[in-house]
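Every number in this text was worked out from the coordinates using simple rules, so none of it is lab data. What you see is a predicted model, and the numbers here were worked out from it, not measured in a lab. Cβ coordinates were reconstructed from backbone atoms using ideal geometry, including for glycine residues, and neighbour counts include every protein chain displayed.
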Amino acid sequence: MLIQRIKDPDTYAVLNWFFVAGLHHFYLANYPRGVVNLTLMLIGLLWIESVGLLLILLVFLIELPQLFKSQQIVHAYNNRVMKTLLQELQESNKLSSS
């Protein structure tokens, strides 16, 4: 169960680099931000001849820092997962001991 919830920073970085469309947000279960990125990228692709290229460039510039901070972002996510699991274990231990 724990291994399935822990995420790999390299996978996050690859999803960010090759698929700027926000798939790395889905990888960390940040669905609202992933939907926004994906929508902006699709609109940018549809309107590539007018404002689309500017929109794609804007998404790229917003997501670029996350590529460089992928280790820290995924580390923080994994820490939150571990904290949640520890709290669940402590609560279940309290229930079973009483």
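Tabulated results
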read-out	value
Residue-wise HN-Hα coupling along the range 23-28, computed from phi with Karplus coefficients 6.51, -1.76, 1.60 (Hz; x: Gly, Pro)	5, 5, 6, 5, 4, 9
Within the chain, helix-based [θ] at 222 nm, where runs of 4 or more DSSP H residues each add -39,500 (n - 2.57), nearest 500	-25500 deg cm²/dmol
All lysines inside 21 Å of LYS7 as judged from Cα atoms, apart from same-chain residues fewer than 8 positions distant	LYS69, LYS83
Filtered chymotrypsin sites (Phe, Trp or Tyr not before Pro), the chain: DSSP coil and at most 16 other beta carbons within 10 Å	PHE19, TRP47
Sparsely packed trypsin sites (Lys or Arg not before Pro) within the range 45-98, loop by DSSP, other Cβ within 10 Å at most 16	LYS69
Rg/Rh ratio calculated on Cα atoms of the range 2-97 (Kirkwood radius)	1.17
Options LEU54, VAL74, ILE43, ranked by Cα towards positive dipole end of the range 2-97, top entry (Cβ charges)	VAL74
